[in-house]
Amino acid sequence: MTSIPHLTLVLGGARSGKSRHAEALIEALPPPWTYVATAQAWDDEMRVRIAEHRARRSGDWLTLDAPLQLPAAIRSVTAGPILVDCLTLWLTNLMLAEQDVAAAGRDLIEACAQASGPVMLVTNEVGLGIVPDNALARRFRDEAGRLHQAVAARACRVVFMVAGLPMQVK
Amino acid sequence: MTSIPHLTLVLGGARSGKSRHAEALIEALPPPWTYVATAQAWDDEMRVRIAEHRARRSGDWLTLDAPLQLPAAIRSVTAGPILVDCLTLWLTNLMLAEQDVAAAGRDLIEACAQASGPVMLVTNEVGLGIVPDNALARRFRDEAGRLHQAVAARACRVVFMVAGLPMQVK
Amino acid sequence: MTSIPHLTLVLGGARSGKSRHAEALIEALPPPWTYVATAQAWDDEMRVRIAEHRARRSGDWLTLDAPLQLPAAIRSVTAGPILVDCLTLWLTNLMLAEQDVAAAGRDLIEACAQASGPVMLVTNEVGLGIVPDNALARRFRDEAGRLHQAVAARACRVVFMVAGLPMQVK
């Protein structure tokens with residue numbers, strides 16, 4: 001398996017500064033910058049989070065919404081670096097829509113390999129707590145772990161965020 | 001934002017050796033050593049934990065209790081290094097008392113900047129598991145993450161503990 | 001405390017690639033390779049996981065089942081490297097059987113020190129999420145943290161897995 005030279009995976013816990021770090025990596029490159037949002041505003045809590053993220057980004061960012069069609073959204077970008085925020089919400093959406101998660105993951109990696117510019121994938125590490133009581137949560141963290149491994153194996157850079165600071169894993 | 005040269009943040013999971021590591025860092029310095037405890041003995045489980053920590057420290061330690069007034073406690077120390085154990089319990093106490101957490105965080109950092117000696121802040125990383133079901137737990141891990149980022153941005157040393165061993169983050 | 005030159009601890013979250021990494025470390029050494037399984041097939045979910053792990057290993061592996069008698073299983077191996085998968089399930093079994101966890105941990109470390117070949121211990125980090133509601137889960141993560149610290153203090157190599165990639169802790 002060859003690595004994808006322009007692919008970065010930014011993992012971290014809740015409020016560990018993942019998005020901010022990935023935004024800074026992108027803003028160090030020439031625009032246009034594309035933000036691919038996978039969040040869906042189901043409730044007020046989510047609406048607030050989305051608005052906060054949007055407010056932080058300058059007007060130089062283009063925003064694409066891709067709650068499910070993430071690989072297609074990446075393929076639609078013809079120039080400049082891409083920030084995907086985040087894989088965990090995309091995975092949630094795929095599971096709620098009962099889609100084939102493994103196939104979607106392979107398609108995502110292929111879309112990243114074909115991208116014309118750098119791609120930064122932001123995602124939540126969710127597997128370091130006590131085994132969850134409910135089976136769906138256990139399946140979710142298994143699927144997330146598999147997706148992270150598959151992406152990390154092909155990425156040229158993997159970063160684990162701790163308290164807003166990046167630790168280089170690869 | 002300038003970094004605070006004598007400020008260290010020691011993060012880690014439950015029973016990852018955070019307190020022990022911070023104690024060792026302090027005991028390598030000349031006394032007097034001040035231990036600022038934020039724990040409140042609400043129940044027997046907590047009383048046992050507090051007693052265990054106390055028993056481990058030698059008689060050379062001074063102990064201050066500061067369940068809420070942590071910045072004031074730090075300011076009251078006139079000489080020697082300070083160990084704060086821990087930020088997560090302080091944050092819990094602030095939230096239970098419905099205080100302004102963001103303002104308290106800024107005050108804490110200011111108190112650390114003004115301290116005459118080294119300050120080691122111990123805290124729990126709680127954001128790497130599955131998203132909690134209950135809204136209060138979600139708010140808690142958001143606030144904890146924000147506090148950790150704010151402190152880590154100013155600290156000159158940040159350590160992530162794994163199985164009792166320090167990984168240098170900064 | 002002297003370190004045990006042939007002892008490796010591989011920690012990580014759910015689906016972080018711990019077993020796969022430990023297997024690769026062992027398969028780089030000459031056979032015979034012994035896999036010591038601590039899992040008990042209580043339910044279908046666990047049966048599937050055990051079958052997946054078994055299917056991945058080649059026919060060159062010997063398998064020992066040791067849900068409780070892990071130190072004895074290690075002592076019974078007379079040649080070649082040993083993979084123990086995993087300490088967290090062993091700890092679960094010890095706690096369900098109401099055994100002395102601290103004594104069992106000391107016995108495990110002694111058995112590793114006496115082993116004729118390299119020993120790789122795989123384990124789940126479970127202490128980086130929100131404090132669990134239930135007291136048993138809290139006790140479990142405390143015991144797991146203590147066991148990890150005790151083992152890591154004696155191991156010559158400690159690896160923290162992130163997205164299938166090893167971070168060297170020691």
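The values are calculated or read from the model by the stated rules, or taken from the named source; none is laboratory data. Keep in mind the model is a prediction, meaning the values are calculated, not measured. In this analysis, Cβ positions are derived from the backbone assuming ideal geometry, glycine residues included, and neighbour counts consider all displayed protein chains.
Within the span defined as the stretch A:58-69, every residue fails to be over 18 Å from A:SER16 (Cα atoms), touching a helix residue (DSSP H, G or I) at 6+ places or on another chain (Cβ under 7 Å) and buried (at least 23 other Cβ atoms within 10 Å of the Cβ).
Kindly evaluate C:VAL101 against the criterion of being buried (at least 17 other Cβ atoms within 10 Å of the Cβ), within 14 Å of chain B (Cβ to nearest Cβ) and over 20 Å from B:MET161 (Cβ atoms). When the stated conditions are applied, C:VAL101 passes them. Checked against the criterion of being out of contact with any strand residue (DSSP E or B) (no Cβ under 9 Å at 6 or more places or on another chain), more than 28 Å from C:ASN124 (Cβ to Cβ) and touching a residue at least 24 places away in the same chain (Cβ under 8 Å), the candidates A:ARG139, A:ARG106, A:ARG75, A:ARG47 yield just one match: A:ARG75. Has the stretch B:37-56 got any residue that is part of a helix (DSSP H, G or I) and within 13 Å of the chain's Cα centre (by Cα)? There is no residue in the stretch B:37-56 that is part of a helix (DSSP H, G or I) and within 13 Å of the chain's Cα centre (by Cα). Using the structure shown, decide if C:GLY117 is farther than 30 Å from B:ARG138 by Cα and either part of a helix (DSSP H, G or I) or among the basic types (Lys, Arg) (or both). Taking the combined requirement at face value, the residue does not satisfy it.
Determine whether the stretch A:112-121 contains at least one residue that is modelled with pLDDT of 95 or more and surrounded by fewer than 17 Cβ atoms within 10 Å (Cβ to Cβ). Checked the stretch A:112-121: at least one residue is modelled with pLDDT of 95 or more and surrounded by fewer than 17 Cβ atoms within 10 Å (Cβ to Cβ). What residue, among those in the stretch C:132-145 that are within 11 Å of chain B (Cβ to nearest Cβ) and surrounded by fewer than 18 Cβ atoms within 10 Å (Cβ to Cβ), is farthest from C:TRP90 (Cα to Cα)? My answer is C:ASP133. Name every residue in the stretch C:148-170 that is more than 7 Å from every other protein chain (Cβ to nearest Cβ), in a helix (DSSP H, G or I) and buried (at least 21 other Cβ atoms within 10 Å of the Cβ), in order of residue number. C:VAL151 - this is the single residue of the stretch C:148-170 that is more than 7 Å from every other protein chain (Cβ to nearest Cβ), in a helix (DSSP H, G or I) and buried (at least 21 other Cβ atoms within 10 Å of the Cβ). Flag: A:THR78 does not match the condition of being over 17 Å from A:VAL151 (Cβ atoms), part of a strand (DSSP E or B) and among the hydroxyl-bearing types (Ser, Thr, Tyr).
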